[in-house]
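Q: Attaching a single structure in structure tokens format; questions to follow.
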Amino acid sequence: MTKTIIEPFRIKSVEPIKMTTKAEREALLKAANYNLFTLKSEDVIIDLLTDSGTSAMSAAQWAGMQVGDESYAGSPSYFRFENAVKELMPFEFVMPTHQGRAAERILFEVISKPGQFIPNNTHFDTTRANIEAGGAAAVDLVIEEGKNPALDHPFKGNMDLKKLESLIAEKGAEHIPLCMITITNNSGGGQPVSLENIRGVSAICKKHGIPFFIDACRFAENAWFIKQREPGQQNRPVKDIVREIFSLADGCTMSAKKDALVNMGGWLAMNDPVLEEKCRNVLILTEGFPTYGGLSGRDLEAIAQGLREVVDEDYLNYRIASTTYVGNKLTEAGVPIMRPVGGHAIYIDARAFLPHIPPEQYPGQLGLRPYTEGGIRGCEIGTVMFGLAPDGTEKIAPMDLVRLAIPRRVYTESHMLYVVESVLEVFKNRDKISGMKIEWQPSALRHFTAKFSPKNAANDVNLDNGPAAVRG
Ligand SMILES: *Cc1c(COP(=O)(O)O)cnc(C)c1O
């Protein structure tokens, strides 16, 4: 008999959710100019805006915070943090930073120059921005399968090794100061990278003398997928797989807000002492002394404990099962989502969900509907987020997606079922949904503050049509 995969924890401390009615949410959304970023989080019932920094900490992590030592230099909390990192990621040097992008900024400031190229499977936005800020080019080399949302493939985050070889042949290894791979591939749908692919990238980098770094944010989720899907890996402890992954690399950047199960933090790790010295000097200048970096001693304790908990296989089984559960329920009902379901989020294909709404009318604003329906907040990843060119013109994004990111250890299966029910209710009434228009926008990063209105309010049953109070 297959039994339900249960949450492998009991709840000792609870945080109440403020419940709202549909009518209240319609009014709140209108007051927020139909922008989910403008809402107050207490007006959200299930917040799936991001999995970053939203994890619930364990009793052991909170206990660790009590023994955090805040000494400026040489704190025992630093050494516990360093040991916990090295237990999984056997690098010579580890520098704490206040979050992942600080590690990226230090690394790229030191290692890259204008005119150079940094390949990755898909660069995350902050990684790309930090590389471009220094004048180098960020190149995405994910396999072709990774760009097709409907296609099933076990490792859609893999890098195309042929494209990597061609880039090196074309530009010359001397113009490629670093090669990265992001596990799991966040900007490519949270899709995993296979161990075989990481071995392949590592071998190519070694052959050409190019340092190979891992963007490690969701390393444990990636290792779990390797254990589940990669031939020959089924009987290996996840911790072993993790150690092999990092032993193939020369360093990593990490956002502890993901797979270290804490709310803030990150690190930069590497083996090369010459690079380390340069990075350490920037760290001291911009983050802090090397044994605390951008963090308090108590934060270092919480990370050390989080790293022990995140490779627990019962935790990972539950974690990936809850994402898959939502994805499979939506697929069974015919809702178009990116397949297969990734590690930390479900991506609804809003263009396929709303074929009657042209991309100029922002189908990705579909994300407003689960909010009015059930108080669920997701995030548009599409033309609103990427479509405003620096010259002020509009460029249609390759896809319009709504991301439902699942925070770690925060919600239960009944919360997830409620999410499914709400999305299915929206799906049932999808032909009545109208497009949106932008009433006001800033000159950059418009998704955070733009103001919207419904394109055709009169035809819309979910927003602005008739007395909301009657519908409840
Ligand atoms: C979140 C994230 C980062 C940046 O980390 P922050 O802690 O948000 O600065 C970098 N890369 C990937 C893949 C991420 O998911």
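FYI, it's all coordinate maths here, none of it is from the lab. Just so we're clear, the structure is a prediction, and the values are computed from it rather than from any experiment. Cβ coordinates were reconstructed from backbone atoms using ideal geometry, including for glycine residues, and neighbour counts include every protein chain displayed.
Q: Which of the residues belonging to the stretch 246-265 are within 16 Å of the ligand (Cβ to nearest atom) and outside any loop (DSSP other than H, G, I, E, B)?
A: F246, G251, C252, T253, M254, S255 - these are the residues of the stretch 246-265 that are within 16 Å of the ligand (Cβ to nearest atom) and outside any loop (DSSP other than H, G, I, E, B).
Q: Looking only at residues in the stretch 173-206 that are crowded, with 24+ Cβ neighbours inside 10 Å and among the hydroxyl-bearing types (S, T, Y), which one is farthest from V341 (Cα to Cα)?
A: My answer is T182.
Q: On to the next question. Could you check, for the stretch 65-72, whether at least one of its residues is more than 16 Å from the ligand (Cβ to nearest atom), of a type in the set (S, T, N, Q) and closer than 16 Å to T291 by Cβ?
A: Among the residues of the stretch 65-72, at least one is more than 16 Å from the ligand (Cβ to nearest atom), of a type in the set (S, T, N, Q) and closer than 16 Å to T291 by Cβ, which makes the answer yes.
Q: State which residue is nearest to the ligand (Cβ to nearest atom) when the search covers only the stretch 205-230 and only residues that are under 24 Å from I168 (Cβ atoms) and among the hydrophobic types (A, V, I, L, M, F, W, C).
A: Once the filter is applied, the top-ranked residue is A216.
Q: Tell me yes or no: at least one residue of the stretch 209-230 is of a type in the set (A, V, I, L, M, F, W, C) and surrounded by fewer than 19 Cβ atoms within 10 Å (Cβ to Cβ).
A: no
Q: Run Y34 past the list (1) in contact with a Phe, Trp or Tyr (Cβ under 7 Å, 6 or more places away or on another chain); (2) at positive phi; (3) surrounded by fewer than 22 Cβ atoms within 10 Å (Cβ to Cβ) and report the number of the one that doesn't hold.
A: (3)
Q: Just to be sure before I move on: is G327 touching a strand residue (DSSP E or B) at 6+ places or on another chain (Cβ under 6 Å) and small (G, A, S) in the structure I sent?
A: Yes, satisfied.
Q: Filter the stretch 134-150 down to the residues that are surrounded by fewer than 23 Cβ atoms within 10 Å (Cβ to Cβ) and within 14 Å of the ligand (Cβ to nearest atom) and list them by number.
A: Result: A138, D140.
Q: Every residue in the stretch 50-61 that is outside any helix (DSSP H, G or I) and more than 13 Å from the ligand (Cβ to nearest atom), please.
A: Passing the criteria: A56, M57, S58.
Q: Next up: Taking only the stretch 65-90 into account, find how many residues are over 22 Å from I245 (Cα atoms), of a type in the set (A, V, I, L, M) and surrounded by 18 or more Cβ atoms within 10 Å (Cβ to Cβ).
A: Count: 1.
Q: Looking at the stretch 231-245, can you tell me whether even one residue there is under 24 Å from the mean Cα position of the chain (by Cα), within 16 Å of the ligand (Cβ to nearest atom) and more than 15 Å from A84 (Cα to Cα)?
A: The answer is yes; a qualifying residue exists.
Q: Still on this structure, please answer the following. Failed condition for K40, given (1) touching a Pro at 6+ places or on another chain (Cβ under 9 Å); (2) without any contact (Cβ under 8 Å) to a residue 24 or more places away in the chain, with all others met?
A: Of everything listed in (1) touching a Pro at 6+ places or on another chain (Cβ under 9 Å); (2) without any contact (Cβ under 8 Å) to a residue 24 or more places away in the chain, K40 misses just condition (1).
Q: Confirm whether N158 is surrounded by 23 or more Cβ atoms within 10 Å (Cβ to Cβ) and more than 30 Å from R280 (Cβ to Cβ).
A: Considered against the rule, which asks whether it is surrounded by 23 or more Cβ atoms within 10 Å (Cβ to Cβ) and more than 30 Å from R280 (Cβ to Cβ), N158 comes out as yes.
Q: Could you list, in sequence order, the residues of the stretch 172-196 that are hydrophobic (A, V, I, L, M, F, W, C), within 15 Å of the ligand (Cβ to nearest atom) and assigned to a loop (DSSP other than H, G, I, E, B)?
A: Residues satisfying the conditions are L178, I183, V193.
Q: How many residues are assigned to a loop (DSSP other than H, G, I, E, B) and either crowded, with 24+ Cβ neighbours inside 10 Å or more than 10 Å from the ligand (Cβ to nearest atom) (or both) if we restrict to the stretch 91-121?
A: 8
Q: Evaluate the stretch 325-332: report whether one residue or more is under 30 Å from K239 (Cα atoms), in a helix (DSSP H, G or I) and under 18 Å from the mean Cα position of the chain (by Cα).
A: Scanning the stretch 325-332 turns up at least one residue that is under 30 Å from K239 (Cα atoms), in a helix (DSSP H, G or I) and under 18 Å from the mean Cα position of the chain (by Cα).
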